[in-house]
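These notes concern the structure reproduced below.
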Amino acid sequence: MKLKPLDDRVVIEVKEELAEKNVGGIIIPDTAKEKPQIGKIIAVGTEEELKELVKVGDEILYSKYGGTEIDIEDKKYLIVSRSDILAIIK
């Protein structure tokens with residue numbers, strides 16, 4: 001399935017973090033972890049100014065509580081607006 005965001009939105013593939021153990025060997029459940037805030041852009045919306053700023057393949061840092069999460073074919077994606085993009089990681 002292909003997603004084509006509209007206006008000032010981008011689709012981000014969320015980086016998955018592996019299960020973590022602390023020094024004592026206790027596994028930290030996913031619900032207690034902070035969500036990752038780094039992702040890879042897989043689609044850019046139709047706004048011309050946005051297309052000049054970011055492109056498909058860019059890794060970005062996005063706001064903690066921004067966007068709409070969706071699951072497609074066992075992968076997590078996030079649709080965020082331009083204002084939720086904080087930085088491009090180079």
Worksheet item: Regarding residue 2, is this residue in a loop (DSSP other than H, G, I, E, B) and modelled with pLDDT of 70 or more?
Response: yes
Discussion item. When you scan segment 58-68, do you find a residue that is at pLDDT below 90 and more than 16 Å from residue 5 (Cα to Cα), even just one?
Written reply: yes
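Out of segment 11-30, which residues are under 15 Å from residue 76 (Cβ atoms) and either at pLDDT below 85 or among the hydrophobic types (A, V, I, L, M, F, W, C) (or both)? Explain how you work it out, then say what you get.
Keep residues of segment 11-30 that are under 15 Å from residue 76 (Cβ atoms), which gives 11-18, 30.
Residues satisfying the conditions are 11, 12, 14, 15, 16, 17, 18, 30.
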Response to the item:
Those residues of segment 52-90 which are within 15 Å of residue 42 (Cα to Cα) and small (Gly, Ala, Ser) amount to 57, 67, 81
Discussion item. Here's a check for you: in segment 48-62, which residue that is closer than 12 Å to residue 12 by Cα and touching a residue at least 24 places away in the same chain (Cβ under 8 Å) is surrounded by the fewest Cβ atoms within 10 Å (Cβ to Cβ)?
Written reply: 61
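The values are calculated or read from the model by the stated rules, or taken from the named source; none is laboratory data. These numbers were taken from a predicted model, which means no experiment stands behind them. Every residue, glycine as well, gets a Cβ built from its backbone with ideal geometry; the counts of neighbours run over all protein chains shown.
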